[in-house]
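Everything below concerns the one structure shown next.
The values are calculated or read from the model by the stated rules, or taken from the named source; none is laboratory data. Note that this is a predicted model, so its numbers are computed, not measured. Cβ atoms come from the backbone with ideal geometry, glycine included; neighbour counts cover every protein chain shown. The area values use the complete protein model at the heavy-atom level, side chains included, leaving out ligands, DNA and RNA. Shrake-Rupley method; radii C 1.70, N 1.55, O 1.52, S 1.80 Å.
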Amino acid sequence: MAKIVVGMSGGVDSSVAAYLLKKQGHEVIGLFMKNWHDTSVTISDECPWIDDSNDAMLVSEHLGIPFQTIDLSEEYKKRIVDYMFDEYERGRTPNPDILCNREIKFDVFLKAALKLGAEYVATGHYCRKMLSTNNHGETTYHLLAGIDDNKDQSYFLSQISQEQLKYALFPIGELTKPQVREIANEIHLPTANKKDSQGLCFIGKVRLPEFLQQQLKPKKGNIYLIENKENAVKESSLDEICSKIKFKPTDGKKIAEHQGAHFYTIGQRKGLDIGGTPLPLYVVDTNTTDNAIYVGMGENHYALARKGVKILLEDIHWLRSDLKLNPGQSANYLVRIRYRQALVKAELIMEQTALYIVFETPINAIASGQFATWYLNDELIGSGVID
């Protein structure tokens, strides 16, 4: 039996993960990550960290396992929050939860767990881990999608390494969410009926505009309407196919003003405060240099659909490095851009300075800074930050 530290979030998933490991006979320690102190930007009734910490402690008491809280707020600010501000300021759309897993849970938190003598770190993620050994005795760790298609969270772990996956355990990956709830109710866990948190990693639900305005100041600019067109774009090169359409003020008509281009993202519909159009308006492009926002009418606007994306060499990550593509090589994979988005067939083409991903069917509302992930069947192979 092993000594295992469980990242207790105060939710039902990590609670059941801890229970299952104890039931298997392991020595289990509950450890809660305190990542944020400023409650001014959190919505108090939406799982603030202090309530989550108390819930994690109650669960640990209920299960009869040791419990500790670890303050990682300094590292979280440097590695996650500062990254978020920087990306939004550049007009990009970051995914802090993916970075939280790579930089906090399976780095800073993992190292703290190992210092406690742990052999593994377990989380309540809905995904699975397998391992294989080749003829040379070398072990490869495989990250697989969770059994529950509706809850598969392998996307959020797409940036972790083989070395990090080596120490990871996912006790609920073979279960569905209803099964997890059933187990929690059967053993009367305090978190059995607690709703899922929709907030940032171990912070809670935040008011994003207020959160960003801590460092990014409002700056009045113009909103331009881009008319829809059929067959508007004809691409001939990989760069053209895999680049987003960029607009300039002369391409559209000014219809309103905004308070800062860095507060908006591609595909955004809410928060524009513009009415009276035949179809809803969507953000189709932003330019933080010129502080301009471009919108189009309807979710089928030509500028929203992307046939491909480009990932610069330094932003490519292969969890399965043995499957890494070299320049001039290509391979077919299933690709996902957002959590819970249906997988799309795509061709990955490796060139000297970038990886190009060409979709079989276009994907809407892709923004720079998002993560593209690619799978072989249900195994996550790699990921990268979209240029």
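If I take R0 = 22 Å and measure r between the Cβ atoms of Gln162 and Leu313 in this structure, what FRET efficiency does the formula 1/(1 + (r/R0)^6) give, to the nearest 0.05? Write out the running numbers ahead of the final one.
Numbers: r = 20 Å, r/R0 = 0.90.
It comes out at approximately 0.65.
The residues packed around Val12, meaning those with a beta-carbon under 13 Å from its beta-carbon, carry a net charge of -1 if Lys and Arg are +1 and Asp and Glu are -1.
If we count every other residue with Cβ under 12 angstrom of Ser132's Cβ, Lys/Arg +1 and Asp/Glu -1, where does the sum land?
Values: positive: Lys129, Arg320; negative: Glu138, Asp322, Glu379.
Its environment carries a net charge of -1.
Go through segment 61-159 and name the GluC sites (Glu not before Pro) that are in a DSSP coil and have 15 or fewer other Cβ atoms within 10 Å of their Cβ. Mind showing how you got there, number by number?
Working: sites: Glu61, Glu74, Glu75, Glu87, Glu89, Glu103, Glu119, Glu138; in loops: Glu119, Glu138.
Answer by residue number: Glu119, Glu138.
Annotation: per residue accessible area for segment 26-170 equals 43 Å², rounded to a whole number [probe 1.4 Å, protein chains only].
Using a cutoff of 8 angstrom between alpha carbon atoms and counting only pairs six or more residues apart, the relative contact order for segment 263-387 works out to 25 percent.
Nonpolar atom fraction for the chain, defined as the carbon and sulfur part of the 1.4 Å probe accessible area, stands at 47 percent.
Rolled with a 1.4 Å probe across the full set of protein chains, the surface gives Tyr333 an accessible area near 20 Å². Here the contact order of the chain, divided by its residue count and restricted to Cα pairs under 8 Å and six or more residues apart, works out to 17 percent. Annotation: amide H of Thr69 within the under-5 Å range of Phe32, sequence separation 5 or more or interchain, hydrogens built in the peptide plane.
With +1 on each Lys and Arg Cβ and -1 on each Asp and Glu Cβ, and nothing else charged, work out how big the dipole of the chain is about its Cα centre, in Debye to the nearest 20. Show your work: numbers first, answer last.
Working: 44 positive and 50 negative charges, 81 e Å.
With Lys and Arg at +1 and Asp and Glu at -1, about 380 debye.
Largest GNM mean-square fluctuation across Gln24, Gln268, Gln159, computed for the chain with C-alpha springs under 10 Å, falls on Gln24.
At a threshold of 8 angstrom on Cα-Cα distance, excluding pairs fewer than six apart, so keeping six or more, what relative contact order does segment 46-178 reach in percent? Show your work: numbers first, answer last.
On the way: 153 pairs, mean separation 29.1, N = 133.
That works out to 22 percent.
Please work out the Kirkwood hydrodynamic radius for the chain, using every pair of different C-alpha atoms, and report it in angstroms with one decimal place. Please report the intermediate quantities before stating the final value.
On the way: mean 1/r = 0.0447 Å⁻¹.
Hydrodynamic radius (Kirkwood, Cα pairs) of the chain is 22.4 Å.
Determine, at each q value in 0.14, 0.16 (inverse angstroms), the log₁₀ of I(q)/I(0) that the Debye formula gives when each Cα of segment 288-387 is one equal point scatterer. Evaluating at q = 0.14, 0.16 Å⁻¹ gives log10 I(q)/I(0) of -0.54, -0.69.
Couplings for segment 377-387, taken from phi via the Karplus curve 6.51 cos²θ - 1.76 cosθ + 1.60 with θ = phi - 60°, read 6, 9, 9, 6, 9, x, 7, x, 8, 5, 6 Hz in order; Gly and Pro are left as x. Taken over the alpha carbons of segment 258-328 as equal point scatterers, the Debye sum produces base-10 log I(q)/I(0) values at 0.24 Å⁻¹ of -1.07.
For the residue pairs Lys166/Lys195; Lys3/Lys115; Lys34/Lys111, the C-alpha atoms sit more than 20 angstrom apart in Lys166/Lys195. Taking 0.36 nm per residue of sequence separation and removing the Cα-Cα distance, the Gln341/Arg90 pair yields an extension gain of 87.8 nm.
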